[in-house]
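Shown next, in structure tokens, is the structure this report addresses.
Just so it is clear, none of the values below were taken in a lab; they were calculated from the coordinates. If you're wondering where the values come from, they're calculated on a predicted model, not measured in any experiment. Cβ atoms come from the backbone with ideal geometry, glycine included; neighbour counts cover every protein chain shown.
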Amino acid sequence: MTEGQEGRAAFRHKSAELAVAALFFIFGAIVITDSVRLGFGWQEVHGPRPGYFPFYIGLLICICATINFVRALLLAPDKNKTFVQVGQLRLVLTVLIPTAIYAALVTWIGIYVSSALFIAFFMRWLGKYDWWKVAAVSVTTMVVFYVIFEKWFQVPLPKGPLESLLGLN
Amino acid sequence: MDELQALAHGFGVALSLKNIALMFTGVILGVIIGVLPGLGGANGVAILLPLTFGMAQTPGGATSAIILLSCIYWGALFGGAITSILFNIPGEPWSVATTFDGYPLAQQGRAGTALTAAFTSSFVGAFVAVIVITFLSPVVANFALEFGPPEFFAVYLLTFCAFVGTSKEPAFKTIAAMMLGFALAAVGTDTVTGTLRLTFGSTHLLTGFDFLVCVIGLFGIGEILLTLEEGLAFRGANAKINVRVVLDTWKELPRYWLTSLRSSAVGCFMGIVPGGATPASFMSYGVARRFSPDGDKFGSGKVEGVVAPETAAHAAGTSALLPMITLGVPGSPTAAVLLGGLMIWGLQPGPLLFVEQKDFVWGLIASMYLGNIAGLIVVLTCVPLFAAILRVPFSVIAPIIMVICAIGSFTVKNAIFDVWMMVVFGVLGYLFKKLQYPLAPLVLAVVLGDNAESSFRQAMLMSQGDLSILFSKKLVGFMTTLALILLFWPLISWALAKVRGK
């Protein structure tokens, strides 16, 4: 292997295809299970029961997932290209994980503070900006958003302890 | 000419100071959205849709709201061309074909020419499509007034089967993605019986998945994750447009009238049939290369190679609204979001709109004419400004876009749960894009799922569960047959190729 560690394949196409097809199958199975619970047959006067339509949808998902799974299994080795390189995956994860944390934080500290932290993290971590630039951009953006949403459009967004401390609730 | 009279009335509705201001705001916002990575027509409109709830409640407000949103759509269509030509990065999938000749032109220092050609032909394509909409949509709507549940279900069937028949993605992946959309649409309260479905006791799922959150996650977050992977560095040509370049290019453009006409026709057709702008632009680029006298020089920076895809993409993007307003079946993801908007504002899209909401429909159609003129003015005068946005480093603009997406998801239902769902859909969007699961049918299925299901159930009630009702009359039988042909088209074409190969 002449490529460096970063260029190595973290996943190949086959495994990604198989995983997604399996996810589809599980989802389809969940849909079918619930449709069976609701009843998917015919009911006098009311017509099709609530599970009727989703049942067939779930069935189709499972059938398609099976076919996609088998097709992925049959994928020729020379066509089994890199799905994502280690370096790429690391980049994607360094964004995805903070994004997930960000989404979770919104509940506790409100959207304004968590957004400011998120922008700051992104700029500092990936952009390597000076702290004062990081602070300036993240705080200014959120102040502008506050004015646009709360004052202009009058759409209240989730707020946390900091906002109540400042009396902005 | 009833249409012209109605259109004149529409201009009366659209030509208020407030609406014109909204048009320019919409176009400018749209171009910015089209230029930025991770924000496109569909999720740009999705993010801004909740902000129009209030606006749509006032008398005549629905018209203003749709003018604002549709102008964002026009702006996004224009914006895609800027990034393609200057940075070789297609801002939107339908501008991929524009990069083939647009970027070489920019490298030769003729960016101004390429941009002028792109904008002008976009305008021409859109204009032709609006004329088609003006005269064809009342006819289609009138025709559709006779539709019952079986006919409507056949239309839905046709729409979704067309995706299988026309998409480049593997057929089973298309169907899987589409069915995932239908299943997501089924989550929550059953519209017919009121039973809770697929909620598993979760209160968050009572109202189901909102298509806006899906769109924002799939297109917005997914796109940003993909862009990140490429370790994005914007290095672009300089954009300068002056009056001279514009006039010189305009002098050259009439030479390509035949290409324009052909591309408009391809675009209008592909837009009305839910194929969409992206295949239309590729197709018309291919056709132009075949028929042009210097077709072999395509790809090295021919103005004609910019004209063809741009005209078709805009014609398709615009005519995608025709089935949306007449049948309630959108031809593109962005049209699907607009359709969702209509439903939220309390307007039932479909043929009755032309009878009950004349002001709204004709105001919208008139605003398409005006909005595209506004668009042309804005893009021709402000290109350097928009190009400057792209020079903002990715590590600054990306988190801001993601925050905007999060706020957009939240405002749909004022639920933090939706922000989490946005992240989940973002991961799905990233995986699906990489594995060639098409996103457009998924989004359309989420939007149309409930309607498709209820028309199916009503049709089944009419026939007491007999599927042959879908072939009971000439029209519905024709549509169902056509749908089935499209559904099995990948198989048919494969078989044909086998036979021919022997």
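Other chains near B:217-226: what is the mean number of their Cβ atoms within 10 Å of each residue's Cβ?
Working: counts 0, 0, 0, 0, 3, 0, 0, 4, 7, 2.
Counting other chains' Cβ atoms within 10 Å and averaging over B:217-226 gives 2.
Taking every DSSP helix (H) stretch of at least 4 residues in chain B, weighting each as -39,500 (n - 2.57) and dividing the sum by the residue count yields a mean residue ellipticity at 222 nm of -24000 deg cm²/dmol.
Please order A:TRP42, A:TRP152, B:TRP362 by the number of other Cβ within 10 Å, starting at the fewest. Write out the running numbers ahead of the final one.
Details: A:TRP42 13, A:TRP152 10, B:TRP362 25.
Ordered by Cβ neighbours within 10 Å, fewest first: A:TRP152, A:TRP42, B:TRP362.
Of the residues A:PHE121, B:PHE172, B:PHE11, the one with the fewest other Cβ atoms within 10 Å heads the list, and the complete ranking is B:PHE11, A:PHE121, B:PHE172.
Distance from the Cα centroid of the stretch B:450-479 to that of the stretch B:1-33 is 38 Å (rounded to whole angstrom). With only Cα atoms counted, the stretch B:36-115 has Rg and Dmax values of 16.0, 52 Å. Here the Karplus curve 6.51 cos²θ - 1.76 cosθ + 1.60, taken at θ = phi - 60°, turns the phi angles of the stretch A:109-114 into couplings of 10, x, 6, 6, 5, 5 Hz, with x standing for Gly and Pro.
Compared with the dominant Cα axis of chain B, that is its longest principal axis, helix B:17-35 is turned about 80°.
Applying a 10 Å radius around every beta-carbon, put A:31-39, B:351-359 in order of their mean neighbour count, most first. Don't skip to the end; give the middle numbers.
Details: A:31-39: 19.1, B:351-359: 16.8.
Packing proxy ranking, top to bottom: A:31-39, B:351-359.
Within 10 Å of the Cβ of each residue in A:96-103, the mean number of Cβ atoms contributed by other protein chains is 6.
Put a plus charge on the Cβ of each Lys and Arg, a minus charge on the Cβ of each Asp and Glu, and nothing anywhere else: the dipole of chain B about its Cα centre is then about 1080 debye. What do the square roots of 5 times the Cα gyration tensor eigenvalues come to for the protein assembly as shown, in whole Å, largest first, as semi-axes of the equivalent ellipsoid? Semi-axes (√(5λ), whole Å): 35, 32, 28. Oblate is the label for the stretch B:302-460, because the ratio a/c of its alpha-carbon gyration tensor axes (a ≥ b ≥ c) is 1.5 or higher and a/b is not greater than b/c. Rg/Rh for the stretch B:2-490 (Cα atoms only, Rh after Kirkwood) is 0.96. Per-peptide packing, taken as the mean over residues of other Cβ atoms within 10 Å, places B:265-272, B:309-316, B:449-456, B:200-207 in the sequence B:309-316, B:265-272, B:449-456, B:200-207 from highest down. Rounded to whole numbers, the Karplus 3J(HN,Hα) couplings from phi for the stretch B:388-395 are 5, 4, 5, 8, 5, x, 4, 5 Hz, using 6.51 cos²θ - 1.76 cosθ + 1.60 with θ = phi - 60°, and x at Gly and Pro. Remark on A:PHE83: its backbone amide H falls under 5 Å from those of A:PHE11, A:ARG12, A:HIS13, a criterion applied only to residues 5 or more positions apart or on other chains, H modelled at 1.01 Å from N. Local charge for B:GLY426 was computed over the other residues whose Cβ lies under 14 Å away, with Lys and Arg +1 and Asp and Glu -1, and equals -1. Within straight-line reach of B:LYS297, meaning a Cα separation under 23 Å, sit the following lysines at least 8 residues removed in sequence or on another chain: B:LYS251. Summary value for the stretch A:86-166: 35 percent relative contact order, contacts being C-alpha pairs under 8 angstrom separated by 6+ residues. Counting neighbouring Cβ atoms within 10 Å and putting the fewest first, the residues B:VAL379, B:VAL447 line up as B:VAL447, B:VAL379. Phi angles of the stretch B:459-464 translate, via the Karplus equation with coefficients 6.51, -1.76, 1.60 and θ = phi - 60°, into HN-Hα couplings of 4, 5, 5, 4, 9, 6 Hz per residue; Gly and Pro are given as x.
Other chains near B:401-410: what is the mean number of their Cβ atoms within 10 Å of each residue's Cβ?
Working: counts 0, 9, 13, 3, 1, 9, 10, 0, 1, 6.
The mean count of partner-chain Cβ atoms within 10 Å per residue comes to 5.
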